[in-house]
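J.: Quick one: this structure, given as C-alpha cells, is what I'll be asking you about.
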C-alpha cells in the first residue's frame, strides 16, 4: 500500500494537486503526519471528506507500521516492537531523561553485518526499511507516548549505511518536516567506508558514530566481520577525512566485553588508533543477550577509561537503560519470534584472540 509518511511537503502538495486539490491540502497533510504525528486519515478533519475518501480508495495510509508490543522499564525506557505492512518485525526504543527525549530507530529488519555479540546480527538480514518506515517509528512513538522527541539515533536494528538512500531521506525528513535539529540526529555505522565517504559529501551537521569495539584487525575481524572488507587502516583514513571535511566530532562506540576487548593494553591500542582524530569515546556496558559474552566489570571499564582520558580523549560510560525489558537491539524481536517458533538459531561462536597485529 502507498504510504504517506516518507513523502516531503512538496511531494504531498503534488499528490494533492494530482487529485484535483489545491497545493495547501498537501501542506495540511504534512502537518497532520509530521507535526501532530497522526497516522489516521479519518482524524484529519480539516481535509475534505472526498479527498480523504479518494486517498483511502487508492490504498493510501498514514503509515505502514503497527505497534505489536510495548515494554516499559522502571527507568522510563520504553521498548516498541513494530509489525510492518511489507512483513517483518522491527524494534525501537524511547529513552526519556531530564534534558532530552531520545528515540533509537532501526533502518533494517535484521542485519547482514553479523557482529558476534549483537542479537540482531546473530539472527540474519531480512530487508531494508523505507524512509517512511524509519520516520514512522519516531512518529508512532510520539503518538503513543505523548512525548515530543528531541533526539534520534540511527542505532537500532540494521546497518544504516547499507540502506543509505532511505537513511538519508529519513534524516532529512526528521529535520525538515518533523523539526528535529540536525545536530540532534546521530547515524551509527559499523564501518561501511563507502557510506562514510558519501556522508562526508552530504556535509550534514549530524553526528556520525562509529561502532569500533576493537583497535586491531585480529580482534575486530572476529567481533565485527565487516572489518575483513574495510580493515582498520582504511576505516581510520575514512573517518579522519570525515571529521576534517565536516568539522564534526566523531563518536566512538565501544561495547565492553569481559575478557575480550576490555584490557588496558587494548585501551592503549585504541588511543593510538584514535590519535589525530577529533573524537569522543562512549564506553557501553554490555547488555547481555543470548550470545556467549559477559559484561566487563566496573573496574575494567574505569581502567580502560583512564587510559583514554590520559591520552587526551573525552570519555563517557553509557548509563545502562532498559535492562529489565531486554532493551538491547534485537532482543524483543527475537523473543517474539521464539513465541511463534520462527527463531533463527544463533551462530556458533569461536574463541577470540585479543592479540594485536
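J.: Tally time: how many residues in the stretch 113-125 are part of a loop (DSSP other than H, G, I, E, B) and touching a helix residue (DSSP H, G or I) at 6+ places or on another chain (Cβ under 7 Å)?
T.: Within the stretch 113-125, residues that are part of a loop (DSSP other than H, G, I, E, B) and touching a helix residue (DSSP H, G or I) at 6+ places or on another chain (Cβ under 7 Å) number 6.
J.: Can I ask one more? Regarding the stretch 305-326, can at least one residue be identified that is at pLDDT below 60, farther than 21 Å from residue 215 by Cβ, surrounded by 15 or more Cβ atoms within 10 Å (Cβ to Cβ) and touching a helix residue (DSSP H, G or I) at 6+ places or on another chain (Cβ under 9 Å)?
T.: yes
J.: Something else about it: Any chance you could count how many residues in the stretch 81-99 are farther than 19 Å from residue 170 by Cβ and either part of a loop (DSSP other than H, G, I, E, B) or under 14 Å from the mean Cα position of the chain (by Cα) (or both)?
T.: 4
Every residue, every condition in (1) within 28 Å of residue 286 (Cβ to Cβ); (2) at pLDDT 95 or above, yes or no:
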residue	(1), (2)
153	yes, yes
179	no, yes
203	no, no
218	yes, yes
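J.: Which ones in the stretch 126-137 are surrounded by fewer than 24 Cβ atoms within 10 Å (Cβ to Cβ) and either under 12 Å from the mean Cα position of the chain (by Cα) or part of a loop (DSSP other than H, G, I, E, B) (or both)?
T.: Listed by number, the list holds a single entry, 130.
J.: Can I ask one more? Residue check: is residue 48 under 18 Å from residue 169 (Cβ atoms) and surrounded by fewer than 18 Cβ atoms within 10 Å (Cβ to Cβ)?
T.: When the stated conditions are applied, residue 48 does not pass them.
J.: Another one. How many residues does the stretch 182-195 contain that are surrounded by fewer than 23 Cβ atoms within 10 Å (Cβ to Cβ) and more than 16 Å from residue 170 (Cα to Cα)?
T.: Residues that pass the stated criteria total 3.
J.: Under the condition of being within 24 Å of residue 319 (Cα to Cα) and out of contact with any strand residue (DSSP E or B) (no Cβ under 8 Å at 6 or more places or on another chain), which residue from the stretch 224-264 is surrounded by the most Cβ atoms within 10 Å (Cβ to Cβ)?
T.: Within the stretch 224-264, the match that is surrounded by the most Cβ atoms within 10 Å (Cβ to Cβ) is 260.
J.: Is it fair to say residue 271 is surrounded by fewer than 16 Cβ atoms within 10 Å (Cβ to Cβ) and either touching a residue at least 40 places away in the same chain (Cβ under 8 Å) or not in a loop (DSSP other than H, G, I, E, B) (or both)?
T.: no
J.: Quick one: in the stretch 6-40, of everything that is modelled with pLDDT under 95 and touching a strand residue (DSSP E or B) at 6+ places or on another chain (Cβ under 9 Å), which residue is surrounded by the fewest Cβ atoms within 10 Å (Cβ to Cβ)?
T.: Of everything passing the filter in the stretch 6-40, 40 is surrounded by the fewest Cβ atoms within 10 Å (Cβ to Cβ).
J.: I've got another one for you. Select from the stretch 283-304 the residues that are surrounded by fewer than 16 Cβ atoms within 10 Å (Cβ to Cβ) and at pLDDT 95 or above and write down the one among them that is farthest from residue 188 (Cα to Cα).
T.: Here the residue is 299.
J.: Check 74, 102 and return the single one that is assigned by TED's automatic domain parsing to the domain that holds residue 184, in a strand (DSSP E or B) and in contact (Cβ under 8 Å) with a residue 40 or more places away in the chain.
T.: Residue meeting the stated conditions: 102.
J.: Would you check which residues across the stretch 51-63 are surrounded by 14 or more Cβ atoms within 10 Å (Cβ to Cβ) and in contact (Cβ under 8 Å) with a residue 12 or more places away in the chain and list them?
T.: Within the stretch 51-63, 51, 54, 55, 60, 61, 62, 63 qualify.
The values are calculated or read from the model by the stated rules, or taken from the named source; none is laboratory data. Being a predicted model, the structure only gives us computed values, none of them experimental. Cβ: placed from backbone, ideal geometry, glycine included. Neighbour counts: every protein chain shown.
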